[in-house]
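Accompanying notes for the structure given below.
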Amino acid sequence: MDDYDAVVYDLDGTLVRLAVDWDAVARDVSEVLEARGVDAPRDLWEMLERSDETGHRAAVEEAIAAHETEGARNSERLAHADGVPHGMPVGVCSLNCEAACRIALETHGLTEAVSVVVGRDSVGTEKPDPEPLLAAVRELGVAPERTLFVGDSERDEVTAERAGTAFRYV
């Protein structure tokens, strides 16, 4: 960590594991879209994109967030959370909604260690677009090239590459 001025973590699968049944989320989101006359794709992220195209993003976000926030309350703290540094700026950049991130951090006693939280709904795009990570970096007041992004997926790695930060897999 000495090579960096800040570290930003992905949340789910990195610091905690949200207790979310993603198949149930997809079923609920599909019902939300179909109730509004929209043919729902099978993939949850495609449903989210379709909700943007059809003007139903708020309703879809509400359905997803309900599952995520409940899953955050019942989440499991992962071992990597024990290594969150306290001597440098720390942020979270997640595909989960910001409220779920904050609940999970509070549930596991990480709120004081994490000063910036950027969720899926915090900015106008989501990972792998670099903007959510760059928003966290800007808010931390550091340069991207002096920031380490820690995540658990190829999407996280691509996000870091596009944002110009270093990356480390958990």
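Quick note: the coordinates plus some simple rules give every number you see, no bench work behind them. Keep in mind it's a predicted model, so treat the numbers as computed, not measured. Note: ideal-geometry Cβ built from the backbone for every residue, glycine included; neighbour counts use all protein chains shown.
Averaging the sequence gap over all C-alpha pairs within less than 8 Å and six or more residues apart, then dividing by the number of residues, gives the chain a relative contact order of 27 percent.
Modelled this way, with points 7 Å down the Cα-to-C-beta line, the labels at Thr54 and Asp2 are 5.5 nm from one another. Using the Karplus relation 6.51 cos²θ - 1.76 cosθ + 1.60 with θ = phi - 60°, the per-residue 3J(HN,Hα) values for region 25-40 come to 4, 4, 5, 5, 5, 4, 5, 4, 5, 5, 5, 9, x, 10, 5, 8 Hz, with x marking Gly and Pro. A simple rule links phi to the HN-Hα coupling: the Karplus curve 6.51 cos²θ - 1.76 cosθ + 1.60 with θ = phi - 60°, which for region 87-95 gives x, 8, x, 10, x, 10, 10, 9, 7 Hz, with x for Gly and Pro.
Sites listed here are GluC sites (Glu not before Pro) in region 62-170 whose DSSP assignment is loop and whose Cβ has at most 11 other Cβ atoms within 10 Å: Glu112.
Summarising the amide proton neighbourhood of Ser75: residues at separation of 5 or more, or on other chains, whose placed amide H is nearer than 5 Å comprise Ala19.
Bridges between two residues of the chain, per DSSP, are antiparallel at a rate of about 10%. Amide H contacts under 5 Å for Val16: Leu78, restricted to partners 5 or more places along the chain or on a different chain, H placed in the peptide plane at 1.01 Å from N. Close amide H contacts of Val92 (hydrogens built in the peptide plane, cut-off under 5 Å, sequence separation of 5 or more or a different chain): Tyr9, Val116, Val117, Val118. Rounded to the nearest 500, the helix-only mean residue ellipticity at 222 nm of the chain stands at -13000 deg cm²/dmol, with each DSSP H run of n ≥ 4 adding -39,500 (n - 2.57).
Karplus-based coupling profile of region 120-135, in residue order and whole Hz: 4, 9, 7, 10, x, 9, 10, 3, x, 4, x, 4, x, 5, 5, 4, with θ = phi - 60° in 6.51 cos²θ - 1.76 cosθ + 1.60 and x standing for Gly or Pro.
Peptides 16-25, 2-11 ranked from most to least packed by the mean count of surrounding Cβ atoms within 10 Å: 2-11, 16-25.
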